[in-house]
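Here the structure is laid out as structure tokens; the discussion comes afterwards.
The values are calculated or read from the model by the stated rules, or taken from the named source; none is laboratory data. Predicted model only: the values in this text are computed from it and were never measured. Neighbour counts run over all protein chains shown; Cβ positions are idealised from the backbone, glycine included. Calculation scope for accessible area: heavy atoms of the full protein, side chains included, ligands and nucleic acids excluded. Shrake-Rupley method; radii C 1.70, N 1.55, O 1.52, S 1.80 Å.
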Amino acid sequence: MDAFFDLSVKAPLNTDGSYRARLISTEQFGDAAVAVLAEDGCWGSVSFVDIFTLSRFADTWKIVGKTFAHTGGKMPGG
């Protein structure tokens, strides 16, 4: 995890307009929900799928957990 944080500081995501994110799906279960997001163009050609878990607190949704899968491209420095 420390290596990922170091990478984020040394090489932020693209600022040239090539980064794209799209919502794949959402599912709500009362005060709990799951959202799946696809990211493309991170650091050039790197792609991820992010899975967020959310909880509703006093009518406000908050992300309470995240996991991800590296789905394509070579990580910088890796």
Residue-normalised value, i.e. accessible area per residue, for the chain at 1.4 Å probe, in Å², stands at 70 Å²
On the full set of protein chains, 1.4 Å probe, figure out the accessible area of residue 45 and give it in Å² to the nearest 10.
70 Å²
Under a Cβ-only charge scheme (Lys and Arg +1, Asp and Glu -1), can you give me the dipole magnitude of segment 24-78 about the Cα centre, in debye to the nearest 20?
160 debye
Can you give me the three principal axis dimensions of segment 32-71 from its C-alpha atoms, in Å, biggest first?
39, 13, 11
Compare 41, 17, 65 in a GNM of the chain, Cα atoms joined below 10 Å, and give the one with the largest fluctuation.
17
Those chymotrypsin sites (Phe, Trp or Tyr not before Pro) from the chain that are DSSP loop and have at most 10 other Cβ neighbours within 10 Å turn out to be none
If the cut-off is a Cα-Cα distance under 29 Å, which lysines reach residue 74, setting aside same-chain residues fewer than 8 apart in sequence?
10, 66
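Hey, what does the equivalent ellipsoid look like for the chain, semi-axes from the Cα gyration tensor as sqrt of 5 times each eigenvalue, largest first, whole Å?
Working: eigenvalues 148, 39, 24 Å².
Calculated on Cα positions only, the semi-axes equal 27, 14, 11 Å.
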Protein accessible area in the chain, 1.4 Å probe - carbon and sulfur %
58 percent
For the chain, what is the mean residue ellipticity at 222 nm derived from helices alone (per DSSP H run of n ≥ 4: -39500 (n - 2.57); sum divided by total residues; nearest 500 deg cm²/dmol)?
-3500 deg cm²/dmol
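Take every Cα pair under 8 Å in the chain that's 6+ residues apart, average their separations, divide by the length, and report that relative contact order as a whole percent.
Working: 134 pairs, mean separation 17.9, N = 78.
23 percent.
Assuming 0.36 nm per residue, please report the length gained on full extension of the stretch residue 21 to residue 58 beyond their Cα-Cα distance.
Working: separation 37, 0.36 × 37 = 13.32 nm, distance 2.82 nm.
So the chain would gain 10.5 nm between residue 21 and residue 58.
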